[in-house]
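The block underneath contains the structure these notes are about, expressed in structure tokens.
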Amino acid sequence: MEPIQTRMPGKARAASAPPQEYLTFRLGGEEYGIEILKVQEIRGYEEPTHIANAPAFLKGVINLRGTIVPIVDMRMRFGCPQANYDAFTVVIILHLGARVVGVVVDSVSDVMELPAEAIKPPPEMDAAVDAQYITGLGSSGERMLILLDIERLILSPEMGLARATLA
């Protein structure tokens, strides 16, 4: 008689979950990661056209091949000190459902592949980023990434950018 093998579906799924790829970027001394599938392109920073009465974190808009793209300064959104825009400052163009949005970051590092077991839930604490927008903390060796749910953050009601998708 052969032994009966029991399967634990949760463990089998976790072990077979493919690694996720994240685009990593810096804001000040912190390194963040966003799902690479949300990234449309990376561009050098160019001064956007300012919009009157817009929130301070909304730098303005650019015309990207016929599409008007709002540009959000992530430092200002997270309440970080204002940075000087330099040769390393970039705009990450994100494709979020039916919406295209650009985010200004200090620099882009690289694309990092993280297996599911390298991602831990974020600790509960006060931070510049509301915990509801953090999907986890990823680690690779000594490197620690704050993984953002960028779609949830950018399309949140306080950003004021989701209304455009309803029009």
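Could you look at segment 18-139 and say what percent of its accessible area is carbon and sulfur, using a 1.4 Å probe and all protein chains? With neighbouring chains kept in place, the figure for segment 18-139 is 53 percent. Other residues lying with their Cβ under 13 Å from the Cβ of E113 contribute a combined charge of -3, Lys and Arg counting +1, Asp and Glu -1. Other residues whose C-beta falls under 9 angstrom from the C-beta of F25 contribute a net charge of -1, scoring Lys and Arg +1 and Asp and Glu -1. Protection proxy ranking, highest mean first, for peptides 149-157, 115-123: 149-157, 115-123, where packing is the per-residue count of other beta-carbon atoms within 10 Å, averaged.
Computed over segment 17-167, the convex hull of the alpha-carbon atoms projects to a mean area of 9.7 nm². Per residue, segment 33-142 exposes an accessible area of 55 Å² to a 1.4 Å probe, with every protein chain left in place. In terms of packing, defined here as the mean over residues of other Cβ atoms within 10 angstrom, the peptides 138-147, 79-88, 30-39 line up highest first as 30-39, 138-147, 79-88. A cut-off under 13 angstrom between Cβ atoms defines the neighbours of V103, and their net charge, with Lys, Arg +1 and Asp, Glu -1, is +3.
The slack in the chain from Q82 to A54, taken as 0.36 nm per residue of separation less the alpha-carbon distance, amounts to 8.4 nm.
The values are calculated or read from the model by the stated rules, or taken from the named source; none is laboratory data. Here the structure is a predicted model, which is why all the values come from computation and not from measurement. Here the Cβ is made from the backbone with ideal geometry for all residues, glycine too, and neighbour counts use every protein chain on show. Just so you know, the surface numbers come from the protein's heavy atoms only, side chains and all, with ligands and any DNA or RNA stripped out. Shrake-Rupley method; radii C 1.70, N 1.55, O 1.52, S 1.80 Å.
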